[in-house]
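Structure first, commentary second.
What follows draws every value from the coordinates through simple rules; no lab data is involved. If you're wondering where the values come from, they're calculated on a predicted model, not measured in any experiment. With ideal geometry, Cβ positions are generated from the backbone for all residues, glycine too; neighbour counts draw on all protein chains shown.
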Amino acid sequence: DTGVSQDPRHKITKRGQNVTFRCDPISEHNRLYWYRQTLGQGPEFLTYFQNEAQLEKSRLLSDRFSAERPKGSFSTLEIQRTEQGDSAMYLCASSLGFRDRASDTQYFGPGTRLTVL
Amino acid sequence: SQKIEQNSEALNIQEGKTATLTCNYTNYSPAYLQWYRQDPGRGPVFLLLIRENEKEKRKERLKVTFDTTLKQSLFHITASQPADSATYLCALGRYNTDKLIFGTGTRLQVFP
């Protein structure tokens with residue numbers, strides 16, 4: 001399968017613990033995005049990478065959240081000191097990086113479902 | 001702040017009929033609008049793109065319209081099939097940002 005993959009698919013943790021998610025984009029895709037989606041809502045943008053550079057961050061991304069894409073390939077999203085409000089589906093997407101953003105289709109992974117007890 | 005509204009209640013229609021989903025937005029001037037399909041437990045899948053200077057786009061049984069005066073997009077699925085049952089999301093974008101703003105989605109159920 002050459003689509004976007006995410007690991008793990010499910011994560012249950014206790015409040016206060018740190019968690020880390022991984023996203024492997026489609027190869028050759030320069031852009032990588034992280035979104036958060038809660039039940040009954042659409043995805044909310046968290047952050048975006050162009051190769052290894054993190055270019056845009058949402059105000060939703062508090063100090064407890066950090067994302068990296070060290071070699072411009074896979075990315076990790078870490079949440080420190082998790083809170084119950086962090087429970088959500090965390091989606092990763094990648095795109096080729098067309099200059100015309102409208103045409104730069106984002107391909108989403110299956111997501112990591114986080115439950116904070 | 002910007003707000004994107006989609007039918008919060010599920011849309012139930014009979015197979016063969018046309019499904020029409022609505023996306024309304026306020027406090028935002030998108031340059032383009034995209035529609036996605038999302039099945040339970042999976043990520044969204046891109047369906048159609050329409051730009052602000054376009055009135056209508058079609059792709060097979062899908063049609064989308066974009067009215068920047070009404071601040072509304074309509075998404076139509078003609079000759080609907082049970083396999084079309086899913087949640088449909090609209091997303092708005094601008095050329096000066098890579099951030100897409102998604103609506104809440106509308107769940108469509110097509111009955112045989």
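Structure above, values below:
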item	result
Of A:Lys14/A:Lys71; B:Lys59/B:Lys99; A:Lys11/B:Lys17, those spanning more than 29 Å from alpha-carbon to alpha-carbon	A:Lys14/A:Lys71; A:Lys11/B:Lys17
FRET efficiency, 1/(1 + (r/R0)^6) with R0 35 Å, evaluated for A:Asn51 and B:Ala79 via beta carbons	0.20
Likely footprinting exposure, B:Leu48, B:Leu89, B:Leu108, fewest C-beta neighbours within 10 Å first	B:Leu48, B:Leu108, B:Leu89
Within 10 Å of each Cβ in A:93-103, the average number of Cβ atoms from other chains	3
Highest-fluctuation residue, A:Gln54, A:Gln106, A:Gln41 considered, GNM on chain A with Cα pairs under 10 Å	A:Gln41
Rounded to 5, percent antiparallel among DSSP beta bridges of chain A	90
For region B:33-112 versus region A:59-114, the gap between their alpha-carbon centres in whole angstrom	22
Calculated from backbone phi, Karplus (6.51, -1.76, 1.60) coupling profile of region B:85-96 in Hz, x at Gly/Pro	4, 4, 9, 10, 10, 9, 9, 10, x, 10, 6, 9
Qualifying GluC sites (Glu not before Pro) in region B:11-106, DSSP loop, other Cβ atoms within 10 Å at most 12	B:Glu60
Per-selection Rg to Rh, chain A - Cα, Kirkwood hydrodynamic radius	0.95
Tensor-based shape of the protein assembly as shown (alpha-carbon gyration tensor, a/c under 1.5 rounded, otherwise prolate or oblate)	prolate
Ascending count of other beta-carbon atoms within 10 Å, so fewest first, for B:Val45, A:Val116, B:Val64	B:Val45, A:Val116, B:Val64
Along chain A, longest interval not containing exposed trypsin sites (Lys or Arg not before Pro), exposed being DSSP loop plus at most 14 other Cβ atoms within 10 Å	A:16-58
Loop chymotrypsin sites (Phe, Trp or Tyr not before Pro), region B:1-104 (other Cβ atoms within 10 Å of the site Cβ: 15 or fewer; DSSP)	B:Tyr28, B:Tyr95
